[in-house]
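Read the figures in this text as sums done on the coordinates, not as results from a lab. Owing to the predicted nature of the structure, the values given are computational and were not obtained by experimental measurement. All Cβ positions, glycine included, derive from the backbone under ideal geometry; neighbour counts span all protein chains shown.
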Amino acid sequence: MDIKVIRSQRRTLSMALKPEGLVVRAPLRISDRQIQQFIESHRNWIQKAVVRQEQRQRELAGIPTLTEKELQRLVEEARTYITERVIYYASLVGVTYGRITIRKQKARWGSCSARGNLNFNCLLMLTPDEVIDSVVVHELCHRKVMNHSEAFYREVLCVCPDYWEHHRWLKEHGDAIMCRMPVIDQ
């Protein structure tokens, strides 16, 4: 299995199994030996995660990808619908924003740049309206807090009290939607 180590200013070790292999996030000063021990101590978790990942890939293999025409229709729908939702929720959150861009992405539902530009995945149009709203609120709240701290989630929950329910929906159903994205040049 491929193992990628990403060192940063963080304080703790963490790992995640991605389709490309195991990703370990580590503090800058931790030794390679300590990282190896961490991986070894989580061998059972890794093995179970690999089995779950393989099972999930088999489940998703039969889901058809969208045609370019279907994808373009989603982009157009998203431009209108998501823009309306951003306008509505920006006043509730109490923030301004820059440009709104609709993207065709395989990995992200939305993002917010430091300049306040908002990006949303056109595949959001395949999710329930409440889920779209939760992603819009999430990105708008980054205009107040540019991280995922407790303070950030307090802001989100003030506007979207059911946020965690919608977040869970995306966790459970998001892969099946994301895998519909054809391999395209962006």
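Over the range 102-154, Cα pairs under 8 Å with separation of 6+ residues give a relative contact order of 31 percent.
Modelled this way, with points 7 Å down the Cα-to-C-beta line, the labels at Glu77 and Glu130 are 1.9 nm from one another.
If every alpha-carbon in the chain counts as one equal scatterer, what log10 I(q)/I(0) does Debye give at q = 0.12, 0.16, 0.18 1/Å? Result of the Debye calculation: -0.73, -1.13, -1.24. Relative protection proxy for 35-41, 2-8, from highest mean packing down: 35-41, 2-8 (other beta-carbon atoms within 10 angstrom).
Simple rule: put +1 on each Lys or Arg Cβ and -1 on each Asp or Glu Cβ in the chain, find the dipole, and look at Cys122, Leu22, Gln37; the Cα lying farthest toward the positive end is Gln37. For the range 39-94, the dipole from Cβ point charges (+1 on Lys and Arg, -1 on Asp and Glu) about the Cα centre works out to 240 debye, to the nearest 20. Computed about the Cα centre, the dipole magnitude for the range 68-178 is approximately 540 debye when only Lys and Arg (+1) and Asp and Glu (-1) carry charge, each at its Cβ.
Taken along its three principal axes, the alpha carbon spread of the range 3-60 comes to 40, 20, 15 Å, from the longest extent down to the shortest. Any idea what % of Cα-Cα pairs in the range 68-178 are farther than 23 Å? So the pairs more than 23 Å apart make up 21 percent of the total in the range 68-178.
Quickly estimate the mean residue ellipticity at 222 nm for the chain, helices only: each DSSP H run with n ≥ 4 gives -39500 (n - 2.57), and the total goes over all residues, rounded to 500.
Theoretical 222 nm ellipticity from helices: -16500 deg cm²/dmol.
Here the range 3-60 is assigned +1 on the Cβ of each Lys and Arg and -1 on the Cβ of each Asp and Glu. Its dipole about the Cα centre then comes out at about 240 debye. The relative contact order of the chain, computed from alpha carbon pairs under 8 Å that lie at least 6 residues apart in sequence, is 17 percent.
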